[in-house]
Amino acid sequence: MLLFLGTQIGVTQPAAKAQTPVAPTTTTKSICSTQLGTAIDAVINRPLFSRGRWGILVQPLSTGQTLYSRDAQKYFTPASNLKLLTTAAALQQLGANFRIRTSIYQNGNGVLRVVGRGDPSLSDTQLQTLAQQLKQKGITQIQRLIADDSYIQGDIVNPTWQWEDVQSDYGAPVSSFILNQNIFSLKLVPQAVGKSLQVLWIDAGEAKQWRIINQSVTVAQNQPSYVNVTRELSGTVLRIQGQLTTNSEPSLIDLPVVDPNYYFLRRFRTALATEKITLGQTLVVSGGVNQAEIAFVESPPLSELLMETLQNSNNLYAEALLRALAVKKTRVKNQTSADVGLEVVKASLTQLGVDPANYVLVDGSGLSRRDLVTPEAFVQTLRGIARTPTAYVYRASLPVAGKSGTLKGRFQDTPAEGIVQAKTGTLTGVVSLSGYMNAPKYEPLVFSIIVNQSEQPATVVRQAVDEIVVLLAQLRHC
């Protein structure tokens, strides 16, 4: 019997990405610092939050004085707030100008080796650049192309991630070869009422990899629209269910690739053909000798990779950066790149003044529910990196309240708009927000708010979190 895993399209939100709530209703009154505790308690002690867990820590950026604390040293599932730790370590260890290089080497006799190093920004555009470089070297035929995937070792998907996440675009696999963020796309186009939705592949090459069971239907315009795409565990069958109304816009579906190495090779073959370079055999190996580099592309600098990671809460980028940290340390036999990266994160956070007892990390993105972090760990990280020469790079990477990234739709027309730079986090039952605030009538603040085990809708919890942040924006000395 085939087991199917589902990706609900258009109904559920990506698990580790923030949703846009209604802005909290606020007044513009200022709050005395001595009244802050009572004001925050009034929010979190509401009956509808009685079954959830709240962890909060608010401190001035310059000192360790505590303005408010609630279970700040207890463990919480952090969701995407965890990216604050991964990116802080990456910036400290690799530097703002670090780039990830993808290389092609010539080994003679028409054999080329392409070495992937886990560049999350690699796209078809860069593949075309590589093909053009080969053409400029006079190469018109490649007898054999070897893809070396040895740079990143270990599972391409974290084994602690939930199956529904692994089947979604935000849970795409991470390996030495990452192309187009390791997702492929198709469109579902409504037809006449009663007809199945038409499947249009964005990449015709991917159509050959799948057998489609199309159980969808086009319905009349007064009917609801929903689409569910599931795939067999072996990765060869797509089942399409649901309905779209006639004359409605097509539904774009993004799904994770099954084998990143061969997805890369298929797309590279297409790029080479555009330059009239014929390609014979392709194969994937792990390791080998690299001789003369004849073509390469590089990622944008780390400062730009951080922007994508934090502004858009990009899980793939965070996981790629975790593995990039492994180059800083010699790997013990059978140790994965992610495990080495986590060791480097821990060492780096310790250098920043973060207590190692304040967190337990199993991935780089926060998609795993086995990650445990205290609010204190986030405050220690934010304060620690604020003292480093690259503090401005880190802070500029964060979403700005009401202005950018995952905070663009939050805090608009409130006292917090434009003065908060913070990282969002969302999983089912989890809402988190940690970052900096330039309080206009108070000194700069650093804060972490994490809510766990809440049965309330994320939008309701998030609005309460935002109310607390707006209170901080109104803070004044008394």
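Write out, first by first residue and then by second, each pair whose Cβ atoms fall under 8 Å of each other, whose residues are 6+ apart or on separate chains, and whose first residue, in the range 407-418, is more than 17 Å from Val431 (Cβ to Cβ) while the second is of a type outside the set (Gly, Ala, Ser) and not in a loop (DSSP other than H, G, I, E, B).
Listed by first residue and then by second, the contacts come to Thr414/Asp466; Thr414/Val470; Pro415/Val470; Gly418/Val400.
Among the residues in the range 306-317, are any in a helix (DSSP H, G or I) and small (Gly, Ala, Ser)?
no
Given Gly138, Gly118, which one is surrounded by fewer than 18 Cβ atoms within 10 Å (Cβ to Cβ), part of a loop (DSSP other than H, G, I, E, B) and outside the structural domain of Arg387 (by TED's automatic domain parsing)?
One residue alone meets the criteria, Gly138.
Checking Thr125 against (1) outside any helix (DSSP H, G or I); (2) farther than 20 Å from Ser432 by Cβ; (3) without any contact (Cβ under 8 Å) to a residue 12 or more places away in the chain, which test does it fail?
Every condition holds for Thr125 apart from (1).
Take the conditions outside any loop (DSSP other than H, G, I, E, B) and either surrounded by 15 or more Cβ atoms within 10 Å (Cβ to Cβ) or touching an Asp or Glu at 6+ places or on another chain (Cβ under 6 Å) (or both) and apply them to Val174. Does it pass?
No.
Name the residue, out of Gly235, Gly288, that is surrounded by fewer than 18 Cβ atoms within 10 Å (Cβ to Cβ) and under 19 Å from Ala204 (Cβ atoms).
Among Gly235, Gly288, only Gly235 is surrounded by fewer than 18 Cβ atoms within 10 Å (Cβ to Cβ) and under 19 Å from Ala204 (Cβ atoms).
Does Gln35 satisfy being polar (S, T, N, Q), surrounded by fewer than 20 Cβ atoms within 10 Å (Cβ to Cβ) and part of a helix (DSSP H, G or I)?
Against the criterion (polar (S, T, N, Q), surrounded by fewer than 20 Cβ atoms within 10 Å (Cβ to Cβ) and part of a helix (DSSP H, G or I)), Gln35 qualifies.
Residues in the range 197-214: is at least one more than 30 Å from Arg269 (Cα to Cα) and small (Gly, Ala, Ser)?
Within the range 197-214, not a single residue is more than 30 Å from Arg269 (Cα to Cα) and small (Gly, Ala, Ser).
Kindly list the number of the only condition in (1) in a loop (DSSP other than H, G, I, E, B); (2) modelled with pLDDT of 95 or more that fails for Thr218.
The single condition Thr218 does not satisfy is (1).
Output the number of residues of the range 357-407 satisfying the condition of being within 18 Å of Glu304 (Cα to Cα) and among the hydroxyl-bearing types (Ser, Thr, Tyr).
So the count comes out to 7.
Being touching a residue at least 60 places away in the same chain (Cβ under 8 Å), over 23 Å from Ile156 (Cβ atoms) and among the charged types (D, E, K, R) is the requirement here; does Arg387 meet it?
So Arg387 does not fit the description; no.
Name the residues in the range 401-417 that are of a type outside the set (Phe, Trp, Tyr), assigned to a loop (DSSP other than H, G, I, E, B) and out of contact with any Leu (no Cβ under 8 Å at 6 or more places or on another chain), would you?
Gly402, Lys403, Ser404, Lys408, Gly409, Arg410, Gln412, Asp413, Thr414, Pro415, Glu417
In the range 292-305, is there at least one residue being within 25 Å of Gln167 (Cα to Cα) and crowded, with 21+ Cβ neighbours inside 10 Å?
yes
For the range 244-276, enumerate the residues that are touching a Lys or Arg at 6+ places or on another chain (Cβ under 8 Å) and at pLDDT below 95.
Pro250, Ser251, Leu252, Ile253, Leu255
To keep it simple, each residue is scored yes or no on (1) at pLDDT below 95; (2) in a loop (DSSP other than H, G, I, E, B); (3) buried (at least 18 other Cβ atoms within 10 Å of the Cβ).
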| position | (1), (2), (3) |
| --- | --- |
| Ser103 | no, no, yes |
| Gln143 | yes, no, no |
| Trp161 | yes, yes, yes |
| Asp165 | yes, no, yes |
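Given Gly64, Gly55, which one is under 30 Å from Ala347 (Cβ atoms) and out of contact with any Asp or Glu (no Cβ under 9 Å at 6 or more places or on another chain)?
The conditions single out Gly64.
Testing Leu398 on (1) under 28 Å from Ile100 (Cα atoms); (2) assigned to a helix (DSSP H, G or I), one condition comes back false. Which one is that?
Only one criterion in (1) under 28 Å from Ile100 (Cα atoms); (2) assigned to a helix (DSSP H, G or I) is unmet by Leu398, namely (2).
I'd like to know if the range 328-335 contains one or more residues that are within 17 Å of the chain's Cα centre (by Cα) and either closer than 30 Å to Gln92 by Cα or free of Cβ contacts under 8 Å to residues at least 60 places away in the same chain (or both).
No, there is no match, as no residue in the range 328-335 is within 17 Å of the chain's Cα centre (by Cα) and either closer than 30 Å to Gln92 by Cα or free of Cβ contacts under 8 Å to residues at least 60 places away in the same chain (or both).
Name every residue in the range 430-478 that is free of Cβ contacts under 8 Å to residues at least 60 places away in the same chain and in contact with a His (Cβ under 7 Å, 6 or more places away or on another chain), in order of residue number.
None; the set is empty.
Do you know which residues across the range 331-361 are farther than 28 Å from Leu61 by Cα, of a type in the set (Val, Ile, Thr) and assigned to a loop (DSSP other than H, G, I, E, B)?
Of everything in the range 331-361, those that are farther than 28 Å from Leu61 by Cα, of a type in the set (Val, Ile, Thr) and assigned to a loop (DSSP other than H, G, I, E, B) turn out to be Val332, Thr336.
Is the range 311-328 home to any residue that is assigned by TED's automatic domain parsing to the domain that holds Val393, surrounded by fewer than 23 Cβ atoms within 10 Å (Cβ to Cβ) and β-branched (Val, Ile, Thr)?
yes
Across the range 305-332, what is the total count of residues that are modelled with pLDDT of 95 or more and under 20 Å from Pro173 (Cβ atoms)?
The qualifying residues number 17.
From the list Leu372, Leu382, Leu349, pick out the single residue that is in the same structural domain as Ser434 (by TED's automatic domain parsing) and closer than 22 Å to Tyr170 by Cα.
Every option except Leu372 fails the conditions.
Out of the residues in the range 54-98 that are over 25 Å from the mean Cα position of the chain (by Cα) and outside any loop (DSSP other than H, G, I, E, B), which is surrounded by the most Cβ atoms within 10 Å (Cβ to Cβ)?
Val58
The values are calculated or read from the model by the stated rules, or taken from the named source; none is laboratory data. In this text, all values refer to a predicted model and were calculated from it rather than measured experimentally. No Cβ is skipped: glycine too gets one built from the backbone with ideal geometry, and neighbour counts run over all protein chains shown.
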